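Written out below as structure tokens is the structure these notes cover.
Every number in this text was worked out from the coordinates using simple rules, so none of it is lab data. Note that the coordinates shown come from a computational prediction; the quantities given were computed from them, not determined experimentally. Quick reminder, even Gly has a Cβ in these numbers, built from the backbone with ideal geometry, and neighbours come from all protein chains shown.
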Amino acid sequence: MKYFIIIFNIIINFFYLFFKLLPTKKNKIFFLSRQTENPSIDYRMLIEEIEQNFSDYKIVVTTRKIKKNFKDVLFKNTGILFKQMYHLATSKVCVIDGYNISISMLHHKKDLTVIQIWHSLAAIKKFGYQSLDTNKKKIISKYMKMHKNYNYIISGSNAMIPYLAESFGYDVSRFKSLGLPRIDYLLNNKKINKQKIYKKYPELRKKKTILYAPTFRDNNHYEFAALENTIDHDKYNFIMKIHPNIQYTNTSNKTYTCDEFTTLQLLSIADYVITDYSAVSIEAAVLDIPTFLYVYDYDEYKEYPGINIDLYAELPGYVFKNPKELYQCIKKQRYDTKSFSEFKNKYVANTKGNVTKTLAKFIIEGCEKA
């Protein structure tokens, strides 16, 4: 495997040499992602901001969802690699939101600035270099040059930078605590999203809503039914919004999945949020929604992949292994807004509604560097 990756790296960099003979277009910005088939909300907002206020700049977008297993990353990415080579060789700035072969394995021109905005507001669970628990993973990550060639990495808060630095393998000086455009989206689109959701599901207006959004687990250990059966569906709407990589079929006529809407949209109608190690807790904090953590596998998850922050210390009284205890806490309707406000202030860098403008300006500044 190691030698195959080395040979592959030599081959793609040989071809890239010819693309690098092309001139750099100083007004060209390349948005690249393998996280989704379509541009994320962060990308869409940044692109719109740049097009509206920096019209002299040309934007190119390439997004394609590729699974994280080695074969998909390597072979399914190879087909579009030459297209990426061309745009990387002719762009001044490249914005990415995850690991990408063409960024980390290729030897780029010195005038290319790569800005990693990641696809999450926080790193509550460990990832990247923090989670390499086997020699095989360490070898593959080394020769595939995981998370190399970033000039800047955007963080959702100063508090998260040390953990992100470990995950990406960079010094803290490479990080900028600017937040993500989705913060602006949450703040500025709550009313619009609420109207859309209630139009589709008018019955949701009648009761308070609990939104459950658990993180993805590699071991497929989920306890959906335990929580679902604990909730009194006569008193509360219960929406379960699971990770797209989780295979789940809703068989209950009392639980909503609201497939037409994203988690970010559904936060606009949530009276309570239940999550676990997901950054949904940070997104809920943006809107000051009382949040509860259902961590039935806390001890197991702490061992692997690992947890960066002490959840019990960060949200004291609102972290549960038992679904019945969690539900009883919701029923009491007494939430310590002070502790949650401290959590928000610590992990959300900017709630002024100007994150998109600030980040777009930072990208443009990358274009203007000599």
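Structure summary
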item: Residues of segment 272-309 with amide N under 20 Å of the 7 Å Cα→Cβ point at Asn219; result: 275-279, 293-309
item: For segment 252-340: rounded, prolate or oblate by the Cα gyration tensor [a/c cutoff 1.5]; result: rounded
item: Mean Cα-pair separation over length for segment 1-67, i.e. relative contact order, pairs under 8 Å, 6 or more apart, %; result: 41
item: Dimensionless Rg over Rh [the chain; C-alpha; Kirkwood]; result: 0.98
item: Mean projected area in nm² (Cα convex hull; one quarter of hull surface) for segment 87-145; result: 4.7
item: Mean separation of Cα contacts under 8 Å, 6 or more apart, over the residue count of segment 189-347: relative contact order %; result: 23
item: Cα→Cβ-extended label distance, 7 Å offset, between Asn13 and Lys357, nm; result: 4.3
item: DSSP bridge orientation in the chain - percent antiparallel, rounded to nearest 5; result: 5
item: Proximal aspartates and glutamates relative to Lys110, as straight alpha-carbon distance under 19 Å, when same-chain residues fewer than 8 apart are discounted; result: Glu365, Glu368
item: Segment 151-242 shape via C-alpha gyration tensor axes, a/c threshold 1.5; result: oblate
item: Residues of segment 326-370 with amide N under 19 Å of a point placed 7 Å along Cα→Cβ from Asn27; result: 360-370
item: Residue of Lys110, Lys148, Lys194 that the Gaussian network model of the chain assigns the largest fluctuation, springs spanning Cα pairs under 10 Å; result: Lys110
item: Amide H within-cut-off set for Tyr277, under 5 Å, with H built and near neighbours excluded; result: Thr215
item: Highest-first arrangement of 180-188, 208-216, 129-137, where packing means the average Cβ count within 10 Å; result: 180-188, 208-216, 129-137
item: Cα centroid separation - segment 342-370 against segment 290-339, whole Å; result: 29
item: Stokes-Einstein D (µm²/s) once Rh is taken as the Kirkwood radius of segment 189-347 over alpha-carbon pairs, at 20 °C in 1.002 mPa s; result: 133
